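The values are calculated or read from the model by the stated rules, or taken from the named source; none is laboratory data. Bear in mind the structure is a predicted one, so any value in this text is a computation, not a measurement. Counting neighbours? That spans all protein chains shown, and the Cβs are built from the backbone with ideal geometry, glycine included.
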Amino acid sequence: MRRVTFAVDYPPSLAHPMHRQLEESPVSRAELLMWGPMDTVTTLAWYEGEPDAVRSLLDAVESSTTVDLVAGDGGTYAFVHQTEYELGAPVLDLVADSGVVFLPPVTFEPGGRARFEAVGESEFLAAFHADLREHVDATVERVAAFRRWATPAVDVTARQREALAAAVAVGYYEVPRTGSVADVAAELGCAGSTAGELLRKAEGALVRGFVGGQRG
């Protein structure tokens, strides 16, 4: 099986209302962690922004009936109950009918760009990509073999996990190394010092978890 990272540019007509509002918001991005493509849904997301800014952003989503915010991991978690999902119907139908599985998070950025991962057999992933391109500008950023991993007993934040994924993608962990911290920072859209700190904290948590798991 394959694990594919897609980058999609949504036109305003198909973008979720929250995604459209990112362009004018101090919230720099959103990560949709848990969701369900149905008429009514409660989602869990993480936003790179302060709670007040996140609440203002979500106030623009008319279908939101309940919003509970919790500060954490350098941003704000949000539990949002919606009376409808509000993603463009053609894309939502395509997701529901596809023969692949979608992995969290779905990352939303200003300008209509979203990134997500899908897992499946090559022919189904190719068919999904072809169908998706009939509605939006969609590109494949990365293809890798899918492997089952045990859940590590480590405390790694979503942003630290994203830094590790970026480091792998740019070759930071290759031998010999083909990518740098600056390359990781470019992938994340942050300063080099921030990328370095994210990697160090994530690596420290992983090593402590691994060593602790080997004891006894």
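Quick check, is Leu103 modelled with pLDDT under 95, surrounded by fewer than 18 Cβ atoms within 10 Å (Cβ to Cβ), part of a strand (DSSP E or B) and in the same structural domain as Ser13 (by TED's automatic domain parsing)? Before you say what the answer is, go through the steps one by one.
Numbers: modelled with pLDDT under 95: yes; surrounded by fewer than 18 Cβ atoms within 10 Å (Cβ to Cβ): yes; part of a strand (DSSP E or B): yes; in the same structural domain as Ser13 (by TED's automatic domain parsing): yes.
For Leu103, the condition - modelled with pLDDT under 95, surrounded by fewer than 18 Cβ atoms within 10 Å (Cβ to Cβ), part of a strand (DSSP E or B) and in the same structural domain as Ser13 (by TED's automatic domain parsing) - is met.
What is the residue count in segment 109-130 for residues that are in contact with a strand residue (DSSP E or B) (Cβ under 6 Å, 6 or more places away or on another chain) and surrounded by fewer than 18 Cβ atoms within 10 Å (Cβ to Cβ)?
Here the count works out to 3.
Residues are listed down the side, and each one gets a yes or a no for (1) of a type in the set (D, E, K, R); (2) part of a loop (DSSP other than H, G, I, E, B); (3) touching a residue at least 60 places away in the same chain (Cβ under 8 Å); (4) out of contact with any helix residue (DSSP H, G or I) (no Cβ under 9 Å at 6 or more places or on another chain):
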residue: Phe116; (1), (2), (3), (4): no, no, yes, yes
residue: Glu123; (1), (2), (3), (4): yes, no, no, yes
residue: Ala126; (1), (2), (3), (4): no, no, no, yes
residue: Ala130; (1), (2), (3), (4): no, no, no, yes
residue: Ala138; (1), (2), (3), (4): no, no, yes, no
residue: Val143; (1), (2), (3), (4): no, no, yes, no
residue: Val156; (1), (2), (3), (4): no, yes, no, no
residue: Ala163; (1), (2), (3), (4): no, no, no, no
residue: Thr178; (1), (2), (3), (4): no, yes, no, no
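In segment 9-29, which residue that is closer than 23 Å to Ser98 by Cβ, at pLDDT 85 or above and in contact with a helix residue (DSSP H, G or I) (Cβ under 7 Å, 6 or more places away or on another chain) is surrounded by the fewest Cβ atoms within 10 Å (Cβ to Cβ)?
Going through the qualifying residues, I end up with Tyr10.
Please state which one of Ala186, Ala182 is among the aliphatic types (A, V, I, L, M), under 19 Å from the mean Cα position of the chain (by Cα), assigned by TED's automatic domain parsing to the domain that holds Arg208 and part of a helix (DSSP H, G or I).
Residue meeting the stated conditions: Ala186.
Restricting to segment 49-66, what's the tally of residues that are touching a helix residue (DSSP H, G or I) at 6+ places or on another chain (Cβ under 8 Å) and either touching a residue at least 60 places away in the same chain (Cβ under 8 Å) or not in a loop (DSSP other than H, G, I, E, B) (or both)?
Residues meeting the conditions: 3.
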